[in-house]
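Q: Questions regarding the structure given below will be posed in turn.
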Amino acid sequence: MFTESDLKQIADHQLDLNDVNYQIDKFKNGFPPTELSRAATAQNGIMEVSDKEAEEYISFYENNLGKIDLVKFVPASGAATRMFKTLFAFLNEYKGSESDYEKMKADQSSGSVFTFFKKLESFAFYEDLKDAYKQATGESLEEAHVKRKFIEILEVLLLEKGLDYGSLPKGLLRFHQYGESSRTPVEEHIVEGAQYAKDSDGNVKIHFTVSPDHKARFEKHVSEIKASYESEYGVKVAVSYSVQKPSTDTIAVDMNNEPFRNEDGSLLFRPAGHGALLENLNDIDADVVFLKNIDNVVPDHLKDDTIKYKKVIAGILLKYSARINSALESLQSGSGLSEAAGLLAELGYEPGSAFNNLGDSERVHLLKEKLNRPFRVCGMVRSDGDPGGGPFWVKGKDGSKSLQVVETAQIDLTTEDQKAVFNQATHFNPVDVVCMLKDKNGEKFDLLKYRDPDTGFITQKSKDGKDLKAQELPGLWNGAMADWNTIFVEVPPITFNPVKSVNDLLKLEHQGAE
């Protein structure tokens, strides 16, 4: 199947033939569907926190800041191309005729091109666009708008001749307006970090995963704005970066499951989704890591709940970590078996029926093994038709049940029982996670050992006009964390405000910055 040239290309990707053959086998045989047991709901897998409890968890977190090393981990490698999908389509289709304009006017929905231009001045990038348009054309943006020069305006916004927003990463776009200034998501994450992820000495460590093509731009942007936020918030900010490793790419195949060939005959390897970032997370040397996507940010006047609940879930993480360490010490000394089993249930794991048939020493071994794992606390938002994976109790091959974040694509919804469980879901996953990456002795867990390889995805794509199949690794907060101790906590909807399309920036949650 593979030539000498192919084998060299595989080696250059830091893969070996076994990796590639495993991926091709998954294309041929598929990934087994996840078997849902029941939906995780309030008090049945999702913790509800009262105001009093929230304050206690916040205090516990803040009182322990001198004992832990913190990092804020932000996946930020994606380009903003999909954010401007509607505008790119308009750019290709609009010819400037009166009928084209009437067609544009006919759709005045919140996500339409008409709404984009009608509210153009409401975007935080408006002033930059004005300057770039004047420089590129010699004409004012206001005049161009009146003359319906929509194509020219979009070319300056999206293409390299202007702001190049169509190929920049989301993290570097201007999202929020503050009087005469504005902020990018990178800046908003720094501001967030200064308020919930600073240690007792005022240090804030933020790690962005970026594309190699954009790393220099991130570094330049951070160097320009970092000092002002350090001064404003009285902190010292340390920003680090990593790129997705070539060894996490997966091979693409054609529709017959044969290796897809580029026009020059070479193999095609593709980035394998956010699950590939498990390698980057595994390289982070910290006790506690806050994990949140680059585009899920709000202006300052809406940040209070975000800051509060980040501290709440961190406090839960630390309090339960102390309980885990205590339980492990008790088990080591030959006591606390029933208490450890009860704690494990609180951490999202119910052993199979065979557990009851084990002797005490075997039970102790299993409990120690399960308690001594990476640990995550995940915020969950009540569902209102929003996209995203959901929290479920999932059946394991050994009869156990565990709390998991499950994507729709992982579930066989053609079966009535799985569809019924799926429809009982009350919450969705906003990617609001805090992780404990070290054991009670301060040793790092090898996160790759706690991934479920059977939870990958197969998607259909195209290249050079030809259809192909692509494979994604188990999602970072899905199968990549399948064998972690897990607590789900209900958090307010305001903590989830991603920007998936440019017009999302017109929502109240991204406007009205004070």
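The values are calculated or read from the model by the stated rules, or taken from the named source; none is laboratory data. Bear in mind the structure is a predicted one, so any value in this text is a computation, not a measurement. Don't worry about glycine lacking a Cβ; one is built from the backbone with ideal geometry, like all the others, and counts go over all protein chains shown. Note: accessible area is taken over every heavy atom of the protein model, side chains too, but ligands, DNA and RNA are not part of it. Shrake-Rupley method; radii C 1.70, N 1.55, O 1.52, S 1.80 Å.
Q: Taking all protein chains as present, what is the carbon and sulfur share of the accessible area of the chain, in % to the nearest whole number, probe 1.4 Å?
A: On the way: 10650 of 23180 Å².
That fraction is 46 percent.
Q: Just the accessible area per residue of the range 286-421, please: how many Å² with a 1.4 Å probe? Numbers along the way, then the final one.
A: On the way: 5580 Å² over 136 residues.
Per-residue value: 41 Å².
Q: May I ask you to list the trypsin sites (Lys or Arg not before Pro) in the range 383-426 that are in a DSSP loop and have at most 10 other Cβ atoms within 10 Å of their Cβ?
A: Numbers: sites: K395, K397, K401, K419; in loops: K397.
Those satisfying the criteria are K397.
Q: Continuing with this model, one more query. May I ask you to list the GluC sites (Glu not before Pro) in the range 228-297 that are in a DSSP loop and have at most 11 other Cβ atoms within 10 Å of their Cβ? Working shown, then result.
A: Working: sites: E230, E232, E263, E279; in loops: E263.
Counting only loop positions with at most 11 other Cβ atoms within 10 Å, the GluC sites (Glu not before Pro) in the range 228-297 are E263.
Q: Apply 1/(1 + (r/R0)^6) to the Cβ-Cβ distance of K449 and E127, taking R0 = 60 Å, and write down the FRET efficiency to the nearest 0.05.
A: Working: r = 50 Å, r/R0 = 0.83.
Taking R0 as 60 Å, the efficiency between K449 and E127 is 0.75.
Q: Okay, next question. Suppose only helical runs count, i.e. DSSP H with n ≥ 4. What mean residue ellipticity at 222 nm does that imply for the chain under -39500 (n - 2.57) per run, divided by all residues and rounded to the nearest 500 deg cm²/dmol?
A: Numbers: 16 runs with 180 residues, N = 514.
Helices in the chain give a 222 nm mean residue ellipticity of -10500 deg cm²/dmol.
Q: Please give the residues of the range 278-292, grouped as numeric ranges, whose backbone N is less than 12 Å from a label point set 7 Å along the Cα-to-Cβ vector of A238.
A: Once the point is set 7 Å along Cα→Cβ of A238, 285-287 turn out to lie under 12 Å by backbone N, inside the range 278-292.
Q: Here's a follow-up. Would you mind calculating the gained length between L7 and L508 on full extension (0.36 nm times residue separation, minus the Cα-Cα distance), in nm to one decimal? If you can, show how the numbers build up before the last one.
A: On the way: separation 501, 0.36 × 501 = 180.36 nm, distance 5.28 nm.
So the chain would gain 175.1 nm between L7 and L508.
Q: In the calculated pair distance distribution of the range 426-466, what percentage of Cα-Cα distances lie above 12 Å? Numbers along the way, then the final one.
A: Details: 647 of 820 pairs.
For the range 426-466, the share of Cα pairs beyond 12 Å comes to 79 percent.
Q: Give me the one-decimal nm value for the distance between modelled label points at T459 and S181, 7 Å along each residue's Cα-to-Cβ direction.
A: 3.6 nm
Q: Of the listed pairs K370/K440; K226/K292; K52/K303; K215/K461; K419/K507, which have alpha-carbon separations greater than 22 Å here? Write down the numbers at each step before the final one.
A: Values: K370/K440 14 Å; K226/K292 20 Å; K52/K303 20 Å; K215/K461 27 Å; K419/K507 33 Å.
Violating the 22 Å Cα-Cα cut-off are K215/K461; K419/K507.
Q: If you take every residue apart from Y94 with its C-beta less than 13 Å away from the C-beta of Y94, what net charge results, scoring Lys and Arg +1 and Asp and Glu -1?
A: So the environment of Y94 carries a net charge of -2.
Q: How many angstrom separate the Cα center of the range 32-58 from the Cα center of the range 240-272?
A: Cα centroid of the range 32-58 versus Cα centroid of the range 240-272: 38 Å apart.
Q: Set the Förster distance to 56 Å, then compute FRET efficiency between R38 and D164 from the Cβ-Cβ distance, nearest 0.05. Write out the running numbers ahead of the final one.
A: Details: r = 48 Å, r/R0 = 0.86.
After rounding to 0.05, the efficiency reads 0.70.
Q: Please list the non-local residues whose amide H lies under 5 Å from the amide H of H427, H modeled 1.01 Å from N, same-chain partners needing a gap of 5 or more.
A: Here the answer is S383, since their amide H atoms fall under 5 Å of that of H427.
Q: Here is a further query. Classify the range 1-74 as rounded, prolate or oblate from the Cα gyration tensor: take a ≥ b ≥ c as the square roots of its eigenvalues, call it rounded if a/c is under 1.5, otherwise prolate when a/b beats b/c and oblate if not. List each step's numbers first, then the result.
A: Details: a/c = 7.03, a/b = 1.94, b/c = 3.62.
In terms of gyration-tensor shape, oblate.
Q: Express in % the proportion of alpha carbon pairs of the range 232-293 at distances exceeding 14 Å. Each step should come with its number before you reach the end.
A: Numbers: 1324 of 1891 pairs.
Value for the range 232-293 (Cα pairs over 14 Å): 70 percent.
Q: Please list the equivalent ellipsoid semi-axes of the range 386-514, computed as the square roots of five times the alpha-carbon gyration tensor eigenvalues, in descending order and whole angstrom. Don't skip to the end; give the middle numbers.
A: Values: eigenvalues 141, 111, 71 Å².
Working through the eigenvalues yields semi-axes of 27, 24, 19 Å.
Q: Keeping every protein chain present and rolling a 1.4 Å probe, give me the accessible area per residue for the range 62-206 in Å². Don't jump to the answer; show the numbers that get you there.
A: On the way: 6740 Å² over 145 residues.
With the other protein chains kept in place, the range 62-206 gives 47 Å² per residue.
Q: How would the range 223-374 be classified by its alpha-carbon gyration tensor: rounded, prolate or oblate, with rounded meaning a/c under 1.5 and the a/b versus b/c comparison settling the rest?
A: The shape class here is oblate.
Q: Let me ask you something else. Given H placed on each backbone N at 1.01 Å, which residues far from L15 in sequence or on other chains put an amide H within less than 5 Å of it?
A: none
Q: Percent antiparallel among DSSP beta bridges with both residues in the chain, to the nearest 5?
A: On the way: 41 of 67 bridges.
Percent antiparallel among DSSP bridges in the chain is about 60.
Q: Same structure again: Computed FRET efficiency, Cβ-Cβ of K368 and K147, R0 51 Å: what is it to the nearest 0.05? All intermediate terms of the calculation are to be shown ahead of the outcome.
A: Working: r = 73 Å, r/R0 = 1.43.
Between K368 and K147 the formula returns 0.10.
Q: Now for a different question. How big is the Kirkwood radius of the range 143-247, worked out from every pair of different alpha carbons and given in Å to one decimal?
A: Details: mean 1/r = 0.0637 Å⁻¹.
15.7 Å is the Kirkwood radius here.
Q: Distance between Cα centroids, the range 170-224 to the range 334-375: provide it in whole Å.
A: 42 Å
Q: Find how much the distance from D398 to D51 grows on full extension, using 0.36 nm per residue of separation minus their present alpha carbon separation; answer in nm with one decimal. Write out the running numbers ahead of the final one.
A: Details: separation 347, 0.36 × 347 = 124.92 nm, distance 3.86 nm.
Result: 121.1 nm gained on full extension.
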